[in-house]
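Encoded as C-alpha cells, the structure appears first; notes follow it.
The values are calculated or read from the model by the stated rules, or taken from the named source; none is laboratory data. In this text, all values refer to a predicted model and were calculated from it rather than measured experimentally. Methodologically, a virtual Cβ is constructed for each residue, glycine included, from the backbone with ideal geometry; neighbour enumeration extends over all protein chains shown.
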Ligand code: XUL
Ligand code: CO
C-alpha cells in the first residue's frame, strides 16, 4: 500500500524538553494517570470529515489543499481516504475515528446506489480494521444537513417526504455504525431549527424530531446496537436558531419526550462558546444530570462569532475539560473526537500532523493538570468546606426534608441576621492555586 505521508514516521513521545516538532511532548500513551493509561483516559478520535475530506473551502473561497488522495474515481477516492486515515491513525497513535455516512463516500444519484457504495466502502473499512486491530469507531452519524433536500431541515422538515428520506439515511447510518462495531451514534441537528418563526410550526417540528429519535433508538436496539446515543448541542449555524441550543435545553427536550434514558451529550467546545457558555459549563451540566457522554474537541476564536473548529491548544480549557471528565468517572463509550481542522492557510500534509500533535499534547497536559488538581485537593476541599453547613444542623434537616417552613422561620428568628455566617468565595485565591498547580507540573 502506498504511503501518503512520506517523510513522517510514527510520532514518538520525547518529553517536554524535546524540540522535535514531530514528537509528542506530553502525550505518552502508556503513562498511567489517575489509574489508567493516557491512551484510555483520552480516547482520541480522528474526524473523517475534517481530516480526510476537508480541503479548506470557506464562505469566501475554494479549497487550499487537495483531499482527493491522488485519485479521480469516486470509489477510488473513498478507498484512498481509508488508506490515508489508517496511516494517520497509526503514525499518530490514535485508536478511534468518527464519520458521517457522506464522509465515507460521495452520494450517488439514488438512495439505493448511495447505499450500495456505502456497503462497499464499509466492507473495505471492516477489512482494514481486521488488519489493524485496535482501530475502532467511536461514533457514526448521518449527514442530514449538506444536501439541498435538507434546506428546511431533516427531522424537522415541513415536508413529510424529506422526513422519510432522513429516516432512511439514519437507518442506514446506524446499520453501518453497528457493522463497524461503533459504540456511539450522534444526532447533530445542523438544520433542525429555523430561520424565521413567520414560516415555522415549532411545536410540530420538535414533536417530529422526537418521533424520529424514538424510531432510531428502537430500530438500533432491534439490530443489536448496545452503545450510546448522543445529541450534540449547538445554538446556531447553519440555522439562526438550532433546537438543540445547549445542554440544558436538550435535557428539557429529552425529558419532555421521554428520551432521557436513551440519550447522552456529545459536548463540543466551540458549540459551548457559541451558546455563550464555557466548555466546562456544558460539561458540568451534562455531568450533574448523568448525561455526560462524549466530547468533540476543538476551540473557537472568541473574537469571531462562528464555529471555527480550531485544533485545541488552550491548556486552561483542556485542563478544565479533563477535570470534568475525571469527575464524571472518565469515558465509557465516549472519547475525545477532534472535530477540528487545520486553518485554511495551513494547507500542507505536514500541517495535519502539527495540528493533531498540538491538540493531543494540549489534552495530555490538561489531563495531567486535572489529575494534579484532584490529588492536590486544595480546590476540592475549598468547595467541600464552602458547603459544609449542609452537612449538619439546619442544613442537614433541609436536605433530609425534615425541616418545614415554620421550622425555618423559627430558626431564622432565633438566629438574627445571618450575614455573620458568610465566608469569602476566594475566587482570586483559587485562580492562583490553579496557576500554581498548572505551572508546577
Ligand atoms: C458541526 C459539527 C458536526 C457534528 C457531527 O458543527 O460539530 O460535525 O459533530 O455532525
Ligand atoms: Co461536532
Determine whether the stretch 420-432 contains at least one residue that is in contact (Cβ under 8 Å) with a residue 60 or more places away in the chain, within 30 Å of residue 307 (Cβ to Cβ) and surrounded by 10 or more Cβ atoms within 10 Å (Cβ to Cβ).
no
For the stretch 47-69, what are the residues that are touching a helix residue (DSSP H, G or I) at 6+ places or on another chain (Cβ under 6 Å) and closer than 18 Å to residue 356 by Cα?
48, 49, 52, 53, 67
Any helices (runs of 4 or more DSSP H) falling wholly within the stretch 349-441 and containing at least 1 residues that are closer than 22 Å to residue 322 by Cβ and in contact with a helix residue (DSSP H, G or I) (Cβ under 9 Å, 6 or more places away or on another chain)
349-376, 378-386, 427-438
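Among the residues of the stretch 17-25, is any assigned to a strand (DSSP E or B), on the phi < 0 side of the Ramachandran plot, away from ligand 2 (no atom under 16 Å from the Cβ) and buried (at least 20 other Cβ atoms within 10 Å of the Cβ)?
First, the residues of the stretch 17-25 that are assigned to a strand (DSSP E or B): 24.
In the following step, the residues that additionally are on the phi < 0 side of the Ramachandran plot were identified as 24.
Then keep just the ones that are away from ligand 2 (no atom under 16 Å from the Cβ); that gives 24.
Cutting the leftovers down to buried (at least 20 other Cβ atoms within 10 Å of the Cβ) gives us 24.
Within the stretch 17-25, one or more residues are assigned to a strand (DSSP E or B), on the phi < 0 side of the Ramachandran plot, away from ligand 2 (no atom under 16 Å from the Cβ) and buried (at least 20 other Cβ atoms within 10 Å of the Cβ).
Is it the case that residue 330 is within 16 Å of ligand 2 (Cβ to nearest atom) and either in a strand (DSSP E or B) or touching a residue at least 40 places away in the same chain (Cβ under 8 Å) (or both)?
The answer is no for residue 330.
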Scanning the stretch 284-316 residue by residue, those in contact with a helix residue (DSSP H, G or I) (Cβ under 8 Å, 6 or more places away or on another chain), assigned to a loop (DSSP other than H, G, I, E, B) and more than 15 Å from ligand 1 (Cβ to nearest atom) turn out to be 289, 291, 302, 313, 314
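So which of 274, 302 is away from ligand 2 (no atom under 13 Å from the Cβ) and over 13 Å from the mean Cα position of the chain (by Cα)?
302
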Taking the condition of being part of a strand (DSSP E or B) and surrounded by 21 or more Cβ atoms within 10 Å (Cβ to Cβ), how many residues in the stretch 26-46 meet it?
3
Taking the condition of being free of Cβ contacts under 8 Å to residues at least 40 places away in the same chain, more than 20 Å from residue 240 (Cα to Cα) and either in a loop (DSSP other than H, G, I, E, B) or within 16 Å of ligand 1 (Cβ to nearest atom) (or both), how many residues in the stretch 259-283 meet it?
3
Would you mind stating whether residue 262 is within 13 Å of residue 232 (Cβ to Cβ), in contact with a strand residue (DSSP E or B) (Cβ under 8 Å, 6 or more places away or on another chain) and at pLDDT 95 or above?
no
Please go through the stretch 214-239 and pick out each residue that is farther than 14 Å from residue 307 by Cβ, within 16 Å of ligand 1 (Cβ to nearest atom) and out of contact with any strand residue (DSSP E or B) (no Cβ under 7 Å at 6 or more places or on another chain).
216
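Could you count how many residues in the stretch 47-56 are in a loop (DSSP other than H, G, I, E, B), within 15 Å of ligand 1 (Cβ to nearest atom) and either more than 19 Å from the chain's Cα centre (by Cα) or crowded, with 21+ Cβ neighbours inside 10 Å (or both)? Before the answer, list the steps.
Applying the first criterion (in a loop (DSSP other than H, G, I, E, B)) to the stretch 47-56 yields 54-56.
Narrowing the set further to residues that are within 15 Å of ligand 1 (Cβ to nearest atom) leaves 54.
Narrowing further to those that are either more than 19 Å from the chain's Cα centre (by Cα) or crowded, with 21+ Cβ neighbours inside 10 Å (or both): none.
Total satisfying the criteria: 0.
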Quick one: is residue 158 modelled with pLDDT of 95 or more and closer than 22 Å to residue 214 by Cβ?
yes
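Of the residues in the stretch 176-215, how many are assigned to a helix (DSSP H, G or I) and touching a residue at least 60 places away in the same chain (Cβ under 8 Å)? Give the steps one after another, and end with the answer.
First, pick out the residues of the stretch 176-215 that are assigned to a helix (DSSP H, G or I): 176-179, 197-199, 202-215.
With the extra rule that they be touching a residue at least 60 places away in the same chain (Cβ under 8 Å), the set shrinks to 176.
So the count comes out to 1.
Would you mind stating whether residue 215 is surrounded by 14 or more Cβ atoms within 10 Å (Cβ to Cβ) and farther than 23 Å from residue 268 by Cα? Outline the logic, then answer.
Details: surrounded by 14 or more Cβ atoms within 10 Å (Cβ to Cβ): yes; farther than 23 Å from residue 268 by Cα: yes.
Criteria met by residue 215.
With within 16 Å of ligand 2 (Cβ to nearest atom) and in a helix (DSSP H, G or I) as the only criterion, which of 173, 166 stands out? Talk me through it step by step, then tell me what you get.
Working: 166 fails: within 16 Å of ligand 2 (Cβ to nearest atom).
Step by step, each of 173, 166 is checked, and only 173 is within 16 Å of ligand 2 (Cβ to nearest atom) and in a helix (DSSP H, G or I).
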Please determine whether any residue of the stretch 129-139 is closer than 21 Å to residue 336 by Cα, within 15 Å of ligand 1 (Cβ to nearest atom) and in contact with a helix residue (DSSP H, G or I) (Cβ under 8 Å, 6 or more places away or on another chain).
yes
I'd like to know if the stretch 175-197 contains one or more residues that are at pLDDT 95 or above, under 19 Å from the mean Cα position of the chain (by Cα) and more than 19 Å from residue 293 (Cα to Cα).
yes
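Is it the case, given these coordinates, that residue 293 is crowded, with 24+ Cβ neighbours inside 10 Å, within 16 Å of ligand 2 (Cβ to nearest atom) and farther than 12 Å from residue 363 by Cβ? Outline the logic, then answer.
Values: crowded, with 24+ Cβ neighbours inside 10 Å: yes; within 16 Å of ligand 2 (Cβ to nearest atom): yes; farther than 12 Å from residue 363 by Cβ: yes.
When the stated conditions are applied, residue 293 passes them.
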